[in-house]
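Participant: Take a look at the following structure, please.
The values are calculated or read from the model by the stated rules, or taken from the named source; none is laboratory data. Quick caveat: nothing in here was measured; it's all calculated off a predicted structure. Reconstructed Cβ throughout: ideal geometry from the backbone, glycine too, with neighbour counts over all protein chains shown. The protein model used for the area step is the full one, side chains on, heavy atoms only, and it has no ligands, DNA or RNA in it. Shrake-Rupley method; radii C 1.70, N 1.55, O 1.52, S 1.80 Å.
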Amino acid sequence: GRFGEFGGKFVPETIMQPLIEIETAFQNIKEDASFREEYLHLLQEYSGRPTALTYADQMTAYLGGAKIYLKREDLNHTGAHKINNAIGQALLAKRMGKTKIIAETGAGQHGVATATVAAKFGMSCRIFMGEEDIERQALNVFRMKLLGAEVVPVTSGNGTLKDATNEAFRYWVQHCNDHFYIIGSVVGPHPYPFIVREFQKIIGEEAKQQFLEKEGKLPDAVVACVGGGSNAIGIFDSFLSEDVQLVGAEAAGKGIDTPFHAATIGKGTKGVIHGSMTYMIQDQFGQIIEPYSISAGLDYPGIGPEHAYLHSTGRVTYHSVTDDEAIAALKLLTRKEGILPAIESAHALSKAFEMAKGMSNDQTILICLSGRGDKDVHTIMKVMEEEVKVEDEAFKSSAR
Amino acid sequence: GRFGEFGGKFVPETIMQPLIEIETAFQNIKEDASFREEYLHLLQEYSGRPTALTYADQMTAYLGGAKIYLKREDLNHTGAHKINNAIGQALLAKRMGKTKIIAETGAGQHGVATATVAAKFGMSCRIFMGEEDIERQALNVFRMKLLGAEVVPVTSGNGTLKDATNEAFRYWVQHCNDHFYIIGSVVGPHPYPFIVREFQKIIGEEAKQQFLEKEGKLPDAVVACVGGGSNAIGIFDSFLSEDVQLVGAEAAGKGIDTPFHAATIGKGTKGVIHGSMTYMIQDQFGQIIEPYSISAGLDYPGIGPEHAYLHSTGRVTYHSVTDDEAIAALKLLTRKEGILPAIESAHALSKAFEMAKGMSNDQTILICLSGRGDKDVHTIMKVMEEEVKVEDEAFKSSAR
Amino acid sequence: MKLSSHPQDKLFIPFITAGDPLPEVTIELAKSLQRAGASAIELGVPYSDPLADGPVIQRASKRALKNDMNIVKAIELTGEMKKNGVTVPIILFTYYNPVLQLNPDYFFTLLRENKTEGLLVPDLPFEESAYLQQECKKHQITYISLVAPTSEHRMKKIIEKAEGFIYCVSSLGVTGVRNQFDPSVYPFIRKVKEISSLPVAVGFGISSSKQVKEMNEVSDGVVVGSALVNKIEQLEDELIQPGTREKALKEFEEYAKTFSGSYMLK
Amino acid sequence: MKLSSHPQDKLFIPFITAGDPLPEVTIELAKSLQRAGASAIELGVPYSDPLADGPVIQRASKRALKNDMNIVKAIELTGEMKKNGVTVPIILFTYYNPVLQLNPDYFFTLLRENKTEGLLVPDLPFEESAYLQQECKKHQITYISLVAPTSEHRMKKIIEKAEGFIYCVSSLGVTGVRNQFDPSVYPFIRKVKEISSLPVAVGFGISSSKQVKEMNEVSDGVVVGSALVNKIEQLEDELIQPGTREKALKEFEEYAKTFSGSYMLK
């Protein structure tokens, strides 16, 4: 249950047995053709897969370098790749005879995806969400409730994703006999990083095939954003053994030399978070530090253990992208392609655009557009209002 | 250019020639395989078509009648069927050598779709929107601006969709030599209702084939909501000559016996609106009356002339659904299927659910789920808050 | 319809909205226009959705609708005008939808009973107008046709069927005041005049006597709408108050004269 | 590690958090617990993300972290306790991550220098613990293992490697006060006792002397955490103020005695 020295199962004794049961069930379904059929059928009939692979002709022309392709996970039902995993895990829960679902959520994307699947499967659903996040994401909270989920406010810690995850674990420890915990990213104790990878690798499988059909060759580079890192693992997996450059973009927030970032690989150190050995943002005594990113989905102090491994082997290179760079990339893609990306995905875009400029016209880049930006419009509005304010003030002071 | 006695071209002399030019160009592209190829390629690669056909197993079980299928236009890029038409018309404009786009919008859906396509095609874009609507739909206004469109506030009339349409026409009259007007529904002067039908009939073409694949037969009934009626024409078109019951659901607002509705067929009379002879809501002297519906997309005083014709021949039956009924259907689908529909689409759902209950298990209903409900969450929140208030007051007064 | 003008004069066809600012004032305004040398008067029926009109006439429509004006009352107003000494022809200017809502027999009876001489429907192009044009002929109502710079090869067909005068749309666009005309308007009007045996009047955007003079060099006259309606808007309060009405009417008349061929030549 | 208890007595293993409410008070609290009959003391290292702990101990962690407590200072605190007369064994209770951040040699040197006798890592299950358990053995630190009702067939393996005592988790869940135990806890503890040659202590949720008595009928003793930490929270202000500290410590001691086997038997 490891990726080199990373991963593992660092959890209270109480949930060792439930994890073993999940692992057994997971091994069974992996070899069960009927499971895969049901999973793929739902992805297709319910979530609308395969998602498109869009050639970004305008962006390509604008940057003048490599050809840019976008894997459109934003076109999934509920607007991001999160549903792939939620469908898979809910099916796994169903196979295990569990009818009660719990999940953690930060901005609410994984919560909405989980509540959605729970509704579709007729399962009860309890979503743990930090109090602070509940206030910031009132619309998503309402959506989860409309979907029939109970949203449990988490007041411990700072009331954010990390704390919601802790609380979901605590609840699960107490109710593991009849509850299934759907973890939203390639994080957590074994076998979760493997499970989530299994249910996200469809992204790369589709993209690889679509890319070969369109270009007759593999992309030169694949770029994805990384918080926990499930969309990145999903798209990377099919390319790991190919001669393709793989690049992860993590959140540099206000800059990795400030205290306000979520650059786990860039500035983190090895440790155990949420049951898994990986890189994480912590102080010298092992206390986890609250991360920062404008993007709620990247605002997580750890990273999936497989990413830690892929970093350690050098197979994937990780770079960090600031809030400002991500917003600029978001605006550019919207303007040039009519596609409003999630701020998360915009981190990948920013890095990829920078790379594309330095590449030749016959080279290609595949970007995982992990989700749509509708959810972020408020945030972008606020940022742009502030920009205007700053400009105004600069103008005023220069005018004096 | 007519549907029986409906349709036609009731416009100022100045735009007769531009309309004739569009008609000629439209005839040309209809017979041009390369146009259709480009159109279908964009639908697939950019908007993610074909959209899924989802079997609503939970809803079917809950209602206990006909099997319910949903044509998932909500899975399109930008979240509704509007993009099909915007892509088609923008391509037509491109073929005509026009690089400036104008459009009207009510809640902003067609405006966002148009601005999206304009961005993707590198065209300039000007969206006319009522001042009142601009205030109510700040997020969509911001999205259009992010997409590079200019949003022109319309202060004439009541500052709603009808007035935005008038103003778009006025602007077009003055700038028709280099501007293309992308109308958002199967309304307006000839050839627009034919153009929009042409670009929306993909819905029915796909749905028919998908349905045959899944069920081996055609559906017993097809249900769609009708404002202007483009999604309805889009899904009906492939079934018009088949032995399939076709049902349109229009907005009864607070009830068709109140002044607050948009039930054009149910309560309207024949007349000319926005260049087309059709049914419309007006007083005895031909003044257009501002309609009402909780759903911004159905809040239009006219209806596409082809619907007026299909009503007159009896081929399609039109029913009206109140705000309350639509909201109830919206909540039910969200809870049972994990799909949050647009309030527009919820009108079709409500009617279809009612029909399904009275049908047998071996019968089937196909519903056009024209768009996703993310845009409506604020509205639904407000409605539910009011419901709670009313209940509270009822409780208080009963408690006395 | 007999357009009132001396042979050497150019046509001056003013537009006002029925019921703006009050029905009884509209009658007085018509009389003022007659005194100012109007060859005919276009009387606009206010409409909720006037999509061929610019903001000035939109506002006039709104004011008139507030006074409960409608197509029937507007036609009846033409009868009142005639009773009150208006002798120049009156052309009812109305969007198509209000006409459609009336029984055709009733509509034409109303027009005839009220001595309305002409009919102009801005959103009824040639291709849709056969029925109404034929009914007009039957009831001896002059149906006024418009041609625009974009009418191109359709122009001939339109002019062939036209009666009264040809209304040339000066430029692309809706009604409203304009500072400058596209120079292409002159060859356009010349072309219309070549084809047409009827007088040719130019409308849309004429707002100064200078423009009238310019247009009259090629045309047989002008239609003036927004400029006059704008004046009415400015004088609204004074026109409404009986005490100040006379003076305001006089001011309006003097303003109207600046567009009038008969006065200009003097 | 020699657990302090008379043969006829049951084990009483209290838990307190290092630095709560102040480092110097933690030393005094340890002394009180020793007076109250503690067989050993679990000293908790406060952690930012204590996912095996309920709200009471979470709050204690937060208080301690505000006082800049960390794993190094917590170990040094055990040395201070020893210097101040605490003779019962002290078991360092810490999540795995703080341990991981220290150089292993430094960590064990620190433990030995400060006479910390035991180590308990709540999120390090048997399968992940081989290295740490082996190092503990090498440095003569007793590594405490937990078994839970869900441990099932893994229980044997865990117990085989266990030292000091077996920490039985009374029920599913995190630490915290509980009103009632699932009756399945009794056969579970009996089963552990059958397999184990070490003393068996039950923890998680024990909050009254009644519960202690119930548990002690099957087990060799109890671990009490949240109930004591709760008391500390109640007495926080008095414990912090030097003037009231003595009295509060006395109250705490009396409260602790209610869980203590030695006193209960009297």
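Participant: Can you tell me which of (1) more than 9 Å from chain B (Cβ to nearest Cβ); (2) touching a residue at least 60 places away in the same chain (Cβ under 8 Å); (3) open to solvent by 10 Å² or more (accessible area, probe 1.4 Å); (4) not acidic (Asp, Glu) is the one C:Leu120 doesn't meet?
Facilitator: Condition not satisfied by C:Leu120: (3).
Participant: Something else: For the stretch D:154-174, give me each residue that is modelled with pLDDT under 95, of a type in the set (Val, Ile, Thr) and touching a strand residue (DSSP E or B) at 6+ places or on another chain (Cβ under 8 Å).
Facilitator: Scanning the stretch D:154-174 gives a single hit, D:Val169.
Participant: Could you tell me which of the residues C:Asp53, C:Asp49, C:Asp105 is among the acidic types (Asp, Glu) and either more than 20 Å from B:Gly275 (Cα to Cα) or in contact with a Phe, Trp or Tyr (Cβ under 6 Å, 6 or more places away or on another chain) (or both)?
Facilitator: C:Asp105
Participant: Suppose the filter is of a type in the set (Phe, Trp, Tyr), modelled with pLDDT of 95 or more and within 30 Å of B:Met384 (Cβ to Cβ); does B:Phe285 pass it?
Facilitator: So B:Phe285 does not fit the description; no.
Participant: Give all pairs with beta carbons closer than 6 Å in which a residue from the stretch B:208-223 that is free of Cβ contacts under 8 Å to residues at least 12 places away in the same chain meets a residue that is outside any loop (DSSP other than H, G, I, E, B) and surrounded by 14 or more Cβ atoms within 10 Å (Cβ to Cβ); count only pairs at least 6 apart in sequence or on separate chains.
Facilitator: No pair meets every condition.
Participant: Turning to a different aspect of this structure: Collect the residues in the stretch B:312-331 that are touching a residue at least 60 places away in the same chain (Cβ under 8 Å), more than 27 Å from B:Asn158 (Cβ to Cβ) and in a helix (DSSP H, G or I), keeping them in residue-number order.
Facilitator: B:Ser312, B:Thr313, listed by residue number.
Participant: Output the helices (runs of 4 or more DSSP H) that fall wholly within the stretch C:205-266 and possess 2 or more residues being out of contact with any helix residue (DSSP H, G or I) (no Cβ under 7 Å at 6 or more places or on another chain), or say none.
Facilitator: C:209-216, C:226-234, C:236-240, C:242-257
Participant: Would you be able to say whether some residue in the stretch A:301-316 is open to solvent by 10 Å² or more (accessible area, probe 1.4 Å), of a type outside the set (S, T, N, Q) and on the phi > 0 side of the Ramachandran plot?
Facilitator: yes
Participant: Would it be correct to say that B:Leu212 is more than 17 Å from the chain's Cα centre (by Cα), within 23 Å of B:Phe353 (Cα to Cα) and hydrophobic (A, V, I, L, M, F, W, C)?
Facilitator: yes
Participant: For the stretch D:9-60, enumerate the residues that are open to solvent by 10 Å² or more (accessible area, probe 1.4 Å), in contact (Cβ under 8 Å) with a residue 12 or more places away in the chain and assigned to a helix (DSSP H, G or I).
Facilitator: D:Pro23, D:Ile27, D:Glu28, D:Lys31, D:Gln34, D:Arg35, D:Pro55, D:Val56, D:Arg59
Participant: Which one of these is farther than 23 Å from B:Val11 by Cα and outside any helix (DSSP H, G or I): B:Val151, B:Val141?
Facilitator: Being farther than 23 Å from B:Val11 by Cα and outside any helix (DSSP H, G or I) holds for just one of B:Val151, B:Val141, which is B:Val151.
Participant: Suppose we filter A:Thr78, A:Thr54, A:Thr116 for residues that are at the interface with chain B (Cβ under 10 Å from one of its Cβ atoms) and in a strand (DSSP E or B); which single one remains?
Facilitator: A:Thr54
Participant: Looking for something away from chain B (no Cβ under 14 Å), in a loop (DSSP other than H, G, I, E, B) and crowded, with 19+ Cβ neighbours inside 10 Å - is there at least one such residue anywhere in the stretch A:164-180?
Facilitator: For the stretch A:164-180, residues away from chain B (no Cβ under 14 Å), in a loop (DSSP other than H, G, I, E, B) and crowded, with 19+ Cβ neighbours inside 10 Å: present.
Participant: Another question, then. Taking the stated definitions as given, is D:Glu163 over 25 Å from A:Phe169 (Cβ atoms) and part of a loop (DSSP other than H, G, I, E, B)?
Facilitator: yes
Participant: Further question: Only one of D:Ala248, D:Ala201 is in contact with a Phe, Trp or Tyr (Cβ under 8 Å, 6 or more places away or on another chain), buried (at least 22 other Cβ atoms within 10 Å of the Cβ) and either within 14 Å of chain A (Cβ to nearest Cβ) or closer than 21 Å to D:Gly37 by Cβ (or both). Can you tell me which?
Facilitator: D:Ala201
Participant: If you don't mind, another one. Output the residue which, of all residues in the stretch A:8-51 that are within 14 Å of chain D (Cβ to nearest Cβ) and touching an Asp or Glu at 6+ places or on another chain (Cβ under 7 Å), is surrounded by the fewest Cβ atoms within 10 Å (Cβ to Cβ).
Facilitator: That would be A:Gln17.
Participant: Further question: May I ask you to verify whether C:Ser184 is open to solvent by 30 Å² or more (accessible area, probe 1.4 Å), within 14 Å of another protein chain (Cβ to nearest Cβ) and free of Cβ contacts under 8 Å to residues at least 60 places away in the same chain?
Facilitator: Yes.
Participant: In the stretch A:203-223, how many are of a type in the set (Gly, Ala, Ser) and over 19 Å from A:Gly48 (Cβ atoms)?
Facilitator: The total comes to 2.
Participant: In addition: I need every pair where a residue in the stretch B:124-139 that is modelled with pLDDT under 90 has its Cβ under 9 Å from the Cβ of a residue that is open to solvent by 10 Å² or more (accessible area, probe 1.4 Å) and polar (S, T, N, Q), sequence separation at least 6 or different chains.
Facilitator: Between residues of the stretch B:124-139 that are modelled with pLDDT under 90 and residues that are open to solvent by 10 Å² or more (accessible area, probe 1.4 Å) and polar (S, T, N, Q), the close pairs are B:Glu132/B:Asn158; B:Glu132/B:Thr160; B:Asp133/B:Asn140; B:Asp133/B:Thr160.
Participant: For the structure I just gave you, tell me whether B:Gly297 is more than 14 Å from every other protein chain (Cβ to nearest Cβ) and small (Gly, Ala, Ser).
Facilitator: The answer is yes for B:Gly297.
Participant: On to the next question. For residues that are open to solvent by less than 10 Å² (accessible area, probe 1.4 Å) and on the phi > 0 side of the Ramachandran plot, tally how many sit in the stretch B:181-223.
Facilitator: Residues in the stretch B:181-223 being open to solvent by less than 10 Å² (accessible area, probe 1.4 Å) and on the phi > 0 side of the Ramachandran plot: 1 in total.
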